[in-house]
Amino acid sequence: MITPKNCPECKNSLEGEDIFLEFLKEYKNEAKALQAAEYFGWSEENPINFSRCIGHYGYNEDFVEEWECPDCHHKWKAEYSDVDAD
Ligand SMILES: [Zn+2]
């Protein structure tokens with residue numbers, strides 16, 4: 001799934017906090033935070049950030065159909081590439 005990095009409408013950045021750091025804040029335990037972050041595909045070599053984008057799910061709950069910007073509430077259709085068939 002491709003998470004948009006910017007809102008197409010207001011152009012605000014939609015990148016949130018680093019996933020590992022977010023979990024570390026929550027758990028205050030490095031091992032536990034790491035485990036949770038890795039579940040999301042985070043690794044030290046390839047850190048990823050949470051997205052601030054709001055996902056609207058369709059009939060299939062694995063699929064985000066539409067994104068919504070948390071700032072201007074603009075909505076747009078989610079795009080899926082052939083490469084990333086997640
Ligand atoms: Zn926006």
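Where a number appears in this text, it was derived from the coordinates with a stated rule and is not lab data. In this text, all values refer to a predicted model and were calculated from it rather than measured experimentally. Cβ placement follows ideal geometry from the backbone for every residue including glycine, while neighbour counts extend to all protein chains displayed.
Figures for the structure shown
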read-out	value
Helix-derived mean residue ellipticity, 222 nm - over the chain, DSSP H n ≥ 4, -39500 (n - 2.57), to 500	-6500 deg cm²/dmol
Cysteines (scope the chain) whose Cβ has no counterpart Cys Cβ under 4.7 Å	Cys53
Amide H within-cut-off set for Ser51, under 5 Å, with H built and near neighbours excluded	Gly16
Convex hull of the chain built on C-alpha atoms - directionally averaged projected area, nm²	6.5 nm²
Local electrostatic count at Gly16 - Lys and Arg +1, Asp and Glu -1, tallied over other residues with Cβ under 14 Å	-3
Segment Asp71-Glu26, extension gain: residue separation times 0.36 nm, minus the distance between their alpha carbons	13.8 nm
Degrees between helix 30-39 axis and first principal axis of the chain (Cα, 0 to 90, nearest 10)	30 degrees
